[in-house]
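For reference, the structure is listed below as structure tokens.
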Amino acid sequence: MVKLCDFGSAFKTGAGEVNDPTPYLVSRYYRAPEVILGLPYDFPVDMWSLGCCLYEMFTGKVLFPGQTNNEMLKMFMELKGRFPTKLMRRHRQVYQEKFLMEPHFDDGLRFCSREIDRTPVVRTLNTIHGTKDLAAALMAAKSHSDDKKLLMELKDLLDKIFVIDPAKRLSVTDALQHPFVMRT
């Protein structure tokens with residue numbers, strides 16, 4: 001069972017209003033990629049946040065503990081690989097035209113990793129491949145009584161929730177039919 005407890009960014013559905021994008025909606029560790037990219041958001045942001053909570057409840061660790069939105073995007077790519085081109089292009093347009101901010105991707109759609117040491121450093125990365133292994137992290141956190149099949153079902157559920165493109169992310173209806181949810 002999931003209990004809802006924070007309606008700080010709630011909006012009325014079907015109101016005909018477009019949600020005004022902001023890259024700072026939702027607590028950072030649970031923030032979906034489309035929010036950070038400044039793109040319009042809808043129900044899939046809640047699925048992303050739920051996935052972050054499920055991972056944290058199982059492992060006791062935050063999956064994306066980034067200190068900035070830029071670091072969060074880098075962590076998403078370390079798990080899922082390169083962002084879809086259409087999202088990066090829309091992000092660049094919104095950041096430059098609406099927010100008047102420096103986008104997280106350059107003209108060539110390469111990620112600009114902004115790291116702050118004593119002096120700010122910006123490195124352009126051609127490609128980031130998904131290298132973080134969700135299955136390994138879940139297995140490391142499991143107890144002796146945890147069923148390996150259950151862990152693999154949880155990994156499958158999280159893989160379907162952590163899809164970068166919100167249009168392709170697992171819906172609430174589909175999540176309720178997932179074997180992990182049906183079993184627990």
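The values are calculated or read from the model by the stated rules, or taken from the named source; none is laboratory data. None of the values given here were measured: they were computed from a predicted structure. Please note: Cβ atoms are built from the backbone with ideal geometry, for glycine as well, and neighbour counts cover all protein chains shown.
One residue stands out among those in segment 96-155 that are over 22 Å from the mean Cα position of the chain (by Cα), within 30 Å of A175 (Cα to Cα) and part of a loop (DSSP other than H, G, I, E, B): the one that is modelled with the highest pLDDT, which is D147.
Only one of the numbered conditions (1) more than 17 Å from the chain's Cα centre (by Cα); (2) in a loop (DSSP other than H, G, I, E, B); (3) at pLDDT 95 or above is not met by R92, and that is (2).
Close contacts from segment 89-110, counting a first residue that is in contact (Cβ under 8 Å) with a residue 40 or more places away in the chain and a second that is of a type in the set (V, I, T) and in a loop (DSSP other than H, G, I, E, B), with Cβ to Cβ under 9 Å and a gap of 6+ residues or different chains, come to F99/T22. A residue that is among the hydroxyl-bearing types (S, T, Y), surrounded by fewer than 16 Cβ atoms within 10 Å (Cβ to Cβ) and in contact with a Phe, Trp or Tyr (Cβ under 8 Å, 6 or more places away or on another chain) occurs nowhere in segment 137-152. Just one of the listed residues (Q67, Q177) is more than 20 Å from the chain's Cα centre (by Cα) and among the polar types (S, T, N, Q), and it is Q177. Filtering T22, T13 for residues that are polar (S, T, N, Q), at pLDDT below 75, assigned to a loop (DSSP other than H, G, I, E, B) and loosely packed, with under 11 Cβ neighbours inside 10 Å leaves a single hit, T13. Every condition in (1) of a type outside the set (S, T, Y); (2) closer than 18 Å to F58 by Cα; (3) surrounded by fewer than 17 Cβ atoms within 10 Å (Cβ to Cβ) holds for L157 except the one numbered (3). If only residues of segment 47-62 that are within 11 Å of the chain's Cα centre (by Cα) and free of Cβ contacts under 8 Å to residues at least 40 places away in the same chain are counted, the one that is nearest to Y24 (Cα to Cα) is S49. Can you pull out the residues in segment 67-88 that are without any contact (Cβ under 8 Å) to a residue 60 or more places away in the chain, under 10 Å from I164 (Cα atoms) and outside any helix (DSSP H, G or I)? Those that are without any contact (Cβ under 8 Å) to a residue 60 or more places away in the chain, under 10 Å from I164 (Cα atoms) and outside any helix (DSSP H, G or I): G81, R82. Looking at segment 62-76, is at least one residue surrounded by fewer than 18 Cβ atoms within 10 Å (Cβ to Cβ), within 29 Å of T184 (Cβ to Cβ), modelled with pLDDT under 95 and of a type outside the set (K, R)? No, every residue in segment 62-76 fails to be surrounded by fewer than 18 Cβ atoms within 10 Å (Cβ to Cβ), within 29 Å of T184 (Cβ to Cβ), modelled with pLDDT under 95 and of a type outside the set (K, R).
If only residues of segment 31-43 that are touching an Asp or Glu at 6+ places or on another chain (Cβ under 9 Å) and modelled with pLDDT under 95 are counted, the one that is nearest to V172 (Cα to Cα) is D42.
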